[in-house]
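The values are calculated or read from the model by the stated rules, or taken from the named source; none is laboratory data. Just so it is clear, the structure is predicted and the values come from calculations on it, not from any experiment. Counting neighbours? That spans all protein chains shown, and the Cβs are built from the backbone with ideal geometry, glycine included. SASA here: full protein model, heavy atoms, side chains in, ligands and nucleic acids out. Shrake-Rupley method; radii C 1.70, N 1.55, O 1.52, S 1.80 Å.
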4 protein chains.
Amino acid sequence: MKAVRFVREHSPPAVQVVEKPTVQDPLDVIVRIAGAGVCRTDIHILDGAAPLQPAPPPPFTLGHEDTGWIDAVGTGVSNVSVGDPVILHPALTCGVCPACRNGEDMYCARTRFPGVDGMDGGYAEYLRTSVRAVLPLAKGVPPAAQAPLADAGITAFHAVRRILPELRPGSIVAVLGIGGLGHIGVQLVRTMSPARVFALDLAPERLEFAARLGAEKGFTPADPGFPANFLKSSGGNGADVVLDFVGEQNSPEVALQILRRGGTYSIVGYGGNLSVPTVAMITREIRILGNFVGNYRDLVELLELQRQGRVAVSAKEYPLTEAPRAVEDLRRGRILGRAVLIP
Amino acid sequence: MKAVRFVREHSPPAVQVVEKPTVQDPLDVIVRIAGAGVCRTDIHILDGAAPLQPAPPPPFTLGHEDTGWIDAVGTGVSNVSVGDPVILHPALTCGVCPACRNGEDMYCARTRFPGVDGMDGGYAEYLRTSVRAVLPLAKGVPPAAQAPLADAGITAFHAVRRILPELRPGSIVAVLGIGGLGHIGVQLVRTMSPARVFALDLAPERLEFAARLGAEKGFTPADPGFPANFLKSSGGNGADVVLDFVGEQNSPEVALQILRRGGTYSIVGYGGNLSVPTVAMITREIRILGNFVGNYRDLVELLELQRQGRVAVSAKEYPLTEAPRAVEDLRRGRILGRAVLIP
Amino acid sequence: MKAVRFVREHSPPAVQVVEKPTVQDPLDVIVRIAGAGVCRTDIHILDGAAPLQPAPPPPFTLGHEDTGWIDAVGTGVSNVSVGDPVILHPALTCGVCPACRNGEDMYCARTRFPGVDGMDGGYAEYLRTSVRAVLPLAKGVPPAAQAPLADAGITAFHAVRRILPELRPGSIVAVLGIGGLGHIGVQLVRTMSPARVFALDLAPERLEFAARLGAEKGFTPADPGFPANFLKSSGGNGADVVLDFVGEQNSPEVALQILRRGGTYSIVGYGGNLSVPTVAMITREIRILGNFVGNYRDLVELLELQRQGRVAVSAKEYPLTEAPRAVEDLRRGRILGRAVLIP
Amino acid sequence: MKAVRFVREHSPPAVQVVEKPTVQDPLDVIVRIAGAGVCRTDIHILDGAAPLQPAPPPPFTLGHEDTGWIDAVGTGVSNVSVGDPVILHPALTCGVCPACRNGEDMYCARTRFPGVDGMDGGYAEYLRTSVRAVLPLAKGVPPAAQAPLADAGITAFHAVRRILPELRPGSIVAVLGIGGLGHIGVQLVRTMSPARVFALDLAPERLEFAARLGAEKGFTPADPGFPANFLKSSGGNGADVVLDFVGEQNSPEVALQILRRGGTYSIVGYGGNLSVPTVAMITREIRILGNFVGNYRDLVELLELQRQGRVAVSAKEYPLTEAPRAVEDLRRGRILGRAVLIP
C-alpha cells in the first residue's frame, strides 16, 4: 500500500510503498484510512524537533489524526465490525493501568502513539490500531472531513474543557493562533461557556475567519498598537485566559502581556520557551497549564457537539500522494483550517 | 515611637523615632504592635528587589506580619474595641469593588500593603490599618507568637488550600524550603489532606524539623544522589505537587526535576526565574501556579486550625530594636521557624 | 405615594397611599421604581404560605424584583448618584459578616428582604434599600423591562451556575416550568453550557415559547405517553439535570421519574413536598439541590449576559394600580414570561 | 464447599454445601475467601427489602465484602497470579462501556453484584469474580481482617471523598451511626480533611468508640436535650455536613434537624424515607446526596490509607458456619465495628 513516511530529518516526507498492516494481537484493529489530518507536530518531527524524547528514529509513517472504516479486527474485538466508519483516538491504551481505569488515556503506562512515537501512523491506506482507540462515527457522516477532530479537535476540546471552571459571563478568552486547533477552539469556547472570545493571529484572513466562528474582536500582535489596544478592549485588565495554540516564537511573551492578574495561560502549541521571573508569578498570581492531546471521553463529547452542529471543521483536502505539498502549505500558512490527506 | 525603617537599598534597616500614627479616616484602626514577623520579602526590599513594581522609594517602616491590641478606632469601626487582641490581614481593602465583594481581598482595586508598598508597616510600636484588616484573636492567646500566621501562615495556607483538590491518598507533596512558610506548610498539608509530605532543604536541621512536623522523608537537593533518590522514594514518578517556598536560585529547576507528569508546581517564594520549553509543558502536561498572600477567609480558617492545635508556629523572638540582627540571622539561615520582633 | 400592599391573607393586594420612604441611615438608598416584577412568591404570601417563617404579618408593601433610578442616598453612599438607573439585588446585606466577606449575600447574618420579610417592597413609587443592593444599569437600557432580572433572573442564574460543572456535551437539562424563571433558565443553559434543553410545561404555548428560546424538545407531563416519551427521547436514561421551577403539585414526582441515575434534581420553585425512599437515593445515587435567590455577583454576571444580548427577558407591563389583575393573571397562567408593574 | 445462602425471606441464612465455582470465561477469577464482611444489606435482603429491584429471588449465596487468595484465573487474566492475596471490588464491570472508561465502576452498563443481585457471593469457601474486581493486597497483610474495606470501607470512602470540597477548617461533619461504615467514616473525615467530627449514635459505647477514632463530641438523638445540645455545641448553626450511615427509622429527620443552612445531607444507609417540603429545600438551600458503594479507584486509595496506618478496621471474626449468629448480632447492635466470616 502507499504510505507517506518520515525518512530523514530536514527532508520532505516520502511517498513509498509499504506492506499493508495485519492483525497481530486479539485486540488489534486495522482501519482503512478515509482522511488523515496534517499537524504542526508532523513538521516538528520532520525538522528534528519531535515532541517525544528520545526522538524515535526514521523511517516511520507519519499521521496521528485519522478517520476511516474498519478493515479487520482481532478475535477480542467486539465493539466495532468490518465496514464501520470510525474516528481514532490518537493513542493505543492498555485499559488496565491506573490511568486507564480513571479515564486518563494519555497517561496510560503502556501507551503507543502511531505517527509520533515511531509506530506507523495514518498517512497511508491502512493503519493498525487497537480496540480502545476506535470510536464509531454516525453512519451518514463522511469520515474524511472529520479527521481533524481526532487530534486538532480533541486537543482543543481538552484545553477548553479544563478552563471551563474559570469562565463566567464577561470572561475574556484570548485565542492565540487561528489555525487547525484554534479555529475549533474559538467555536468550543463560544458553545461551551459564557465567555467572550478575542482572537489573535498575524494573518488578517485568519482573524476574519475567527470572527465568522464567533470571535468578538481580532488583534495582530505585530500591530504597533498591541498590546495596548488589546488591554483597552478588555476593559483594562487583559484576558482571563489565554489559549495559546502557537507556543513558539514569541507567543509566551505575547500571552503574558495580555493576561490579567489571576489569569490562566493555557499552552497547547509548542516549539518555543516560556520564561518568567518567579516574582511575576507571585504578584500577578498567574496559572500556567500545559495540555497534551485529550482522552477518549473528550473525543466522544467533541463528536457529540459536531453531531449537534455546534462545532464544524474547516478541512482542505489533498490526495495522500501530495502530502509533501500539504506539509509545505501548512508551513507557509496557506491553509485556513486543517489540511486532510485522502488516500 | 520607635520604628525600624527601610532607609536605603543595600543598607541594614534603621531603628528610628517617628511619630505615632493616628486615626485619619472613620474606618481607620490603630494597633499597638505585640509582634511583627520578619519575612524574606523584607530582605528583598532592603536589597532593592522589592516585589511590587515600581519599587516604593525609602524611607518607610518595614513589617507586614503583625499582631497586637486595638489602640484606637475611627468612628465607623464597630467590629473591634480598644484593648482587643487582634491579628492583621496584611492588606487594607475597600470592601466594595468586585474583588472585595467576592472575598478576593488581594485583588482589591484600591488595596494598600503596609510595610511593602511604601505605607508604614509593623516594625514599630504602633501601626495604622483599617477595619477590614483586623481579626480578633481568642482572649487567652498571647498575640506576639501568632504574628507569623499573618503572612507566612496565610500565604502557606492559601497555597495549600489551592492544591487540595489535587491531593488524594498516596499523593506526594514535596515541600521545598522548611523556613517560616515551609514549616507551616508541612503541617497544613498533613492536617488538611490525605497526602504524604516529602521535605527538601539544604540544612539537615531543617529536614529534622520537618520530620517532627509530619514530613515522611527529607531530601537535600545538593546531595549527589538527588533527584534520583527522590524519584525512587516516590515510586518512580515524582511528586504530585511541589510547593516551592524558595522560588530563587535553582529552585524552579529542582522543582521541575521531581515533578511527575500531570503534576502541579506551586510557587510561593520568589527572586529567581522560571524557564521551561513549551514542549515540556505539553508532553509533561504540567500545571504551574503563582500564589500571592491569601484572603481574609484564609486567615480566619488558619486561626481556627491554630485554635484546634492542628497548626503551631515556631517563633524566635527578638526585641524590636534588634531588627537588624534578626534580618541578618534570617539572611544567614540561622532561624528555625520565624523571627518575630517584640516592641 | 401609591403602593400595593399585602393586607390580609386570602385577599387580593390593596392599592393604598402610604408615606414615601426617606433616608434613615448613612448607607440607605431611596430608589424611584421603574418596574417591579410579579412573582409567584407574592401569591404564596397572599395565600398565607410565605416562604420565610414565622410569616411576617400584614400589612406591608409587596415586591422584591425591582429596577429604578436613584432618588436619594445617605451620607455614606458613594457608588451611585441621584438619577442613576439601577437594578436592585433583592436583599440588604451588612458587608462585614463572614458570609458577606465571602460573597454569599443570601447568607448575610443581618439580611433584610423587602417585600418578603415584612419590610416594604417595590410595588410602589419609591423603595428604601441599601448601598450594597444597588447595581448600576447601562445608561441606554430602559430599566422597567429589566426588573425581572432582579429576582426571576438572578434565581435562575444561580441555579444554572451551580449545575454547570455537571454539564458536558450531550448532557440533557430538563427545565420544568417555562414561566418567569424558566424562560430565562432555558436561555442560560443554552448560552452558558454545552447541554441540550428539554422543556416541560402543561401549556403548549409555553413549550413553543421554550422552543423559540433554544429548547430542543418539549413535553407535557399530563400526556399519557409521559414519562416514557421523555425517557426515549433522552436515549433511555433520562435527564442529567432537572431544573424544577415549579416545586409544587406533583413536580417532585415528575422530576424523579425523568432523572437519570447519578443525576441532579435542582429545586427552585416551592409549595409542594419532596418524598423519596432512602434506598432510591442510594441505588440511583441522586443529588438534590435547593436554591435560594442568588448573590450580587450572580446579578452582575447576568446583566453582562443581557448586555451581550445572550439573555432577554420577556416582560408584560401593567400599571402599578392594576397589580391585583397582574397577580390574578399570573395565578391563572395567562402570562408568557413575567408581569412587571409600572408606577 | 460450604456456603451461607439466602433461601427464603424472613428466615435466617442457611449453611449449605454447594459446588465450588469454576472458571467459565477468560476473564474469570476464582478467589479462595479469607474473610467476608457482614453488612446491613444482608439483613435487608433476608428481610425481603433488597436494595436492587426487582428483588432477585432466592436461593443465592450472600456476601459482597470479601478478601482472599487467587485460586484460579481465566486465560485472559494477567494482573494477578494464583496465591496472591486480594481484596475484591464488590462489582464485576465490563471495562468498555462509557462509565467504565470514565472510572465510574458502579455505573457499568453490564455490572454484576455478587451476593446482592442473585449471583453467588462471598459467604463461602470460594467465589467467582472477574479480572477488573481484584486488587492485590500487600503480602504481609492478613487478608481476613481487611474484608470490611471492600464494601463498608469503600462506601464510606466514596461518601467522604464527595464531600471533601465542602470541608474547610472549622467545618463540622456529623457522622450518624458509628457502625461498620461509620467507624471508618469518622477516621476518613479526620485524616482526609480539616473538618471536626461530631458523632451521633444511640449506644454510648459507640460514641466512646467514635471518640477514640477522632470524634470531638458525641450525641444521642434519643436524649431529650437533642438537637438543642448539638446546635449549641456547633456554635448555633448546626453541621456543615451530615453523613447518614443509618438511613432508616427517623434518621432523615434527625439529619435535617442538625443541618445548617447551605449544608449537605449525605445519605449512605437506607431503609427509611426522606420527606421534606420544597420550601425548606429553597430557604435553607440544602443539598442532599445519595451514595452507592464506590469505584475501584476509591478502593485503591482507601487501601493506601490503610497501608499508611491512617485508617484501621475494627473487625470481629466468626466462623463461616456461624453466619446466622453474626447476622443476629448485627441486627441486635452487638458488634463494635464489623463482623467478618472466616471460612
* Structure fact -> With the charge dipole of chain C built from beta-carbon charges (+1 for Lys and Arg, -1 for Asp and Glu) about the Cα centre, the Cα from C:Gly262, C:Thr61, C:Ala145 projecting farthest to the positive end belongs to C:Gly262
* Count the lysine pairs in chain D whose Cα atoms sit under 28 Å apart, keeping only pairs 8 or more residues apart in sequence or on different chains. => 8
* Structure fact -> The size of the Cβ-based charge dipole (Lys, Arg +1; Asp, Glu -1) of region A:242-305 about the Cα centre, to the nearest 20 debye, is 320
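Taking both sides together, what accessible area is buried at the D/C interface, probe 1.4 Å, expressed in Å² and rounded to the nearest 100?
Working: alone 14680 and 14680 Å², together 26440 Å².
Buried surface at the D/C interface: approximately 2900 Å².
Note down the magnitude of the dipole of the protein assembly as shown about its Cα centre, charges +1 on Lys and Arg C-beta and -1 on Asp and Glu C-beta and zero elsewhere, to the nearest 20 debye. All intermediate terms of the calculation are to be shown ahead of the outcome.
Values: 136 positive and 136 negative charges, 0 e Å.
Charge dipole of the protein assembly as shown: 0 debye, to the nearest 20.
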* **Label 7 Å beyond Cα on the Cβ vector: D:Pro26 copy-to-copy distances, nm** => 0.2, 8.0, 8.0
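Can you pull the mean other chain C-beta count within 10 Å for peptide A:291-302? Could you put the intermediate results ahead of the total?
Values: counts 4, 8, 3, 0, 2, 3, 6, 2, 0, 6, 5, 1.
The mean count of partner-chain Cβ atoms within 10 Å per residue comes to 3.
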* Carbon/sulfur fraction of accessible area - region B:154-290, other protein chains in place, 1.4 Å, % -> 49
* **GNM flexibility winner over chain B from B:Ala144, B:Ala211, B:Ala156 (Cα, springs under 10 Å)** => B:Ala211
* Overall form of the protein assembly as shown per C-alpha gyration tensor (a/c, 1.5; a/b vs b/c) -> rounded
* Any idea what the C:Gly225 label distances to the other copies are, label 7 Å down the Cα→Cβ vector, nm, shortest first? -> 5.7, 6.3, 7.3
* 10 Å Cβ neighbours from other chains, averaged over peptide B:92-102 -> 4
* Points 7 angstrom from Cα along the Cβ direction at D:Ala138 and D:Arg212: gap in nanometres? -> 2.2
* To do: Filter the trypsin sites (Lys or Arg not before Pro) in region D:105-198 down to the DSSP loop ones having no more than 16 other Cβ atoms within 10 Å, then list what survives.
  => D:Arg110, D:Lys139
* Comparing A:Gln53, A:Gln306, A:Gln24, which has the greatest mean-square fluctuation in the GNM of chain A with Cα pairs linked when under 10 Å apart? -> A:Gln53
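What relative contact order, as a whole-number percentage, does region B:195-277 give when Cα pairs under 8 Å and 6 or more residues apart are counted?
Working: 126 pairs, mean separation 18.8, N = 83.
23 percent.
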* Give the long-range amide H neighbours of B:Glu317: residues separated by 5 or more places, or on another chain, with amide H under 5 Å away, using H modelled in the peptide plane at 1.01 Å from N. => B:Val340
* To do: Return the whole-Å distance between the Cα centroid of region A:84-114 and the Cα centroid of region C:280-304.
  => 35
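Starting from the Cα coordinates of region B:117-164, work out the convex hull volume and express it per residue in Å³.
On the way: hull volume 6.3 nm³, N = 48.
Enclosed volume per residue, from the Cα hull, is 130 Å³.
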* To do: Starting from a label point 7 Å past Cα on the Cβ side, list the distances from A:Gly74 to the same position in the other copies, nm, shortest first.
  => 1.6, 7.3, 7.4
* Asked: So what does log10 I(q)/I(0) come out to for region A:154-290 at q = 0.16 Å⁻¹, using the Debye formula with one equal point on every Cα and no solvent?
  -> -0.72
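Shielding of D:265-278 by partners, i.e. mean partner chain Cβ atoms within 10 Å per residue?
For this peptide, the per-residue mean of nearby foreign Cβ atoms is 6.
Provide the per residue accessible area, probe 1.4 Å, for the protein assembly as shown, rounded to a whole number of square angstrom.
Values: 47890 Å² over 1372 residues.
For the protein assembly as shown, the solvent-accessible area averages 35 Å² per residue.
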* To do: Quick one: net charge around B:Lys232, please, counting Lys, Arg +1 and Asp, Glu -1 for every other residue with C-beta under 15 Å from its C-beta.
  => +1
* Structure fact -> Rounded to the nearest 10 Å², the accessible area of A:Lys20 using a 1.4 Å probe with every protein chain kept is 90
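For chain A, what's the relative contact order in percent, using C-alpha pairs closer than 8 Å and at least 6 residues apart? Intermediate values should be presented prior to the final figure.
Details: 828 pairs, mean separation 63.1, N = 343.
The normalised contact order for chain A reaches 18 percent.
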* Nonlocal amide H pairs with D:Ala72, under 5 Å, H built at 1.01 Å -> D:Ile30
* DSSP beta bridges in chain B, what fraction antiparallel, as a percent rounded to 5? -> 50
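Return the calculated 222 nm mean residue ellipticity for the protein assembly as shown, to the nearest 500 deg cm²/dmol, obtained by summing -39500 (n - 2.57) across DSSP H runs with n ≥ 4 and dividing by the residue count.
-6500 deg cm²/dmol
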* Asked: Among bridges DSSP assigns within the protein assembly as shown, what percent are antiparallel (round to 5)?
  -> 55
* Structure fact -> With the dipole of region A:258-312 defined by +1 on each Lys or Arg Cβ and -1 on each Asp or Glu Cβ, the option from A:Leu303, A:Phe292, A:Val279 whose Cα lies farthest towards the positive pole is A:Val279
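Using a simple charge model, +1 on the beta-carbon of Lys and Arg, -1 on the beta-carbon of Asp and Glu, nothing else, what dipole does region C:154-290 show about its Cα centre, in debye to the nearest 20?
Working: 13 positive and 11 negative charges, 94 e Å.
Dipole magnitude for region C:154-290 comes out near 440 debye.
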